[in-house]
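Student: I have a structure I would like to understand better, so I am pasting it below and will then ask my questions one at a time.
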Amino acid sequence: MNYKFSSDLIYTSRKTKADYIFDKYRDILVESVIDVGADQMYLKEKILRNGTNYVGVGRGELFDINVDLEKSKIPVKDKSFKTVVCFDVLEHIDNIHELFDELTRISNEYIIISLPNPWGDFFYTLLTSDYSDDESIKFYGLPTTIPSDRHRWFFNNNDSLKFITTNAEKNNFELIHTDYSNKNKPIGGKTVKGFFSRLLLRLIFRKDILDLELNSGARWFVLRRK
């Protein structure tokens with residue numbers, strides 16, 4: 001079955017992100033869904049209202065399954081859930097490859113994953129300003145106090161695509177859809193100034209710099225079991 005995964009919604013917070021996710025992927029958020037690294041489980045109410053069984057996985061008493069994803073496997077049987085979702089989680093995990101394998105193990109049909117664009121964040125910081133007054137770049141800077149969370153991996157969108165497709169194939173899954181959470185407008189816009197900005201980037205840096213899509217946001221992937 002061919003699905004059209006799209007949404008006109010724009011999210012500005014973790015709560016509105018749940019609206020975006022449900023609007024975009026509602027056709028496969030059915031029967032049973034397990035949310036790995038479920039944040040505050042903002043998706044739960046929406047999915048339950050749709051008559052779908054929902055299980056949230058994370059570290060703490062808030063979650064339906066309390067597990068440290070860096071130390072333990074997810075305690076559910078193989079192919080237990082029709083759809084596995086994992087949003088902005090893998091980049092926070094040292095054992096990213098093992099956790100990806102876990103997602104494929106427990107999915108009976110679909111997996112939805114989102115990953116950030118760290119190179120894009122760094123590029124934006126270079127062009128504009130620090131992420132905040134005391135942090136040069138979100139999740140990658142050197143804060144003055146111990147951070148409660150940080151990213152373990154620094155990659156571009158080409159890296160994330162290769163990681164997803166290679167490990168999906170290894171686990172008998174295929175990539176059926178990928179896109180971005182924004183429109184991925186060209187650097188500098190569709191203006192004469194933008195044209196020369198892009199030309200200058202190619203002259204100063206690597207020739208394929210525009211292919212790295214430094215102006216894009218998070219990348220989203222939908223996988224299906226073969």
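Student: Taking Cα atoms, how many degrees apart are the long axis of helix 157-170 and the longest axis of the chain, rounded to 10 and kept between 0 and 90?
Tutor: The angle comes out near 30 degrees.
Student: In the structure displayed, which of Lys17/Lys170; Lys17/Lys44; Lys15/Lys44; Lys24/Lys162 lie more than 19 Å apart, Cα to Cα?
Tutor: Numbers: Lys17/Lys170 30 Å; Lys17/Lys44 13 Å; Lys15/Lys44 11 Å; Lys24/Lys162 23 Å.
Lys17/Lys170; Lys24/Lys162, as the Cα separations exceed 19 Å there.
Student: Where a Cα-Cα gap under 17 Å defines reach, which aspartates and glutamates qualify for Lys190, not counting those fewer than 8 residues away within the same chain?
Tutor: Straight-distance partners of Lys190: Asp211, Glu213.
Student: Something else about it: What whole-number distance in Å separates the alpha-carbon centres of region 53-78 and region 1-30?
Tutor: 23 Å
Student: Can you put Lys82, Lys71, Lys44 in order of accessible area, largest first, using a 1.4 Å probe? Display every interim value, and only then the final one.
Tutor: Working: Lys82 30, Lys71 165, Lys44 60 Å².
Descending accessible area places them as Lys71, Lys44, Lys82.
Student: Considering the Cα trace of region 21-106, what is its radius of gyration and what is Dmax, both in angstroms?
Tutor: 12.2, 35
Student: Report D for region 64-191 in µm² per second (integer): Stokes-Einstein, Kirkwood Rh on Cα pairs, 4 °C, 1.567 mPa s. Mind showing how you got there, number by number?
Tutor: Numbers: Rh = 16.7 Å.
Here the translational diffusion coefficient equals 77 µm²/s.
Student: What's the angle, to the nearest 10 degrees (0 to 90), between helix 192-204's Cα axis and the longest principal axis of the chain?
Tutor: Approximately 90 degrees, to the nearest ten.
Student: Taking the chain as the reference, fit the longest principal axis to its C-alpha atoms, fit the long axis of helix 96-106 to the helix C-alpha atoms, and give the angle between the two in degrees, 0 to 90, nearest 10.
Tutor: Approximately 40 degrees, to the nearest ten.
Student: Based on DSSP, what percent of beta bridges with both residues in the chain are antiparallel, to the nearest 5? Mind dumping the intermediate values first?
Tutor: Details: 14 of 30 bridges.
Looking only at bridges with both residues in the chain, the antiparallel portion is about 45 percent.
The values are calculated or read from the model by the stated rules, or taken from the named source; none is laboratory data. Quantities reported herein were computed from a predicted structural model and do not represent experimental measurements. To get the accessible areas, we keep the full protein, side chains included, count just its heavy atoms, and leave off ligands, DNA and RNA. Shrake-Rupley method; radii C 1.70, N 1.55, O 1.52, S 1.80 Å.
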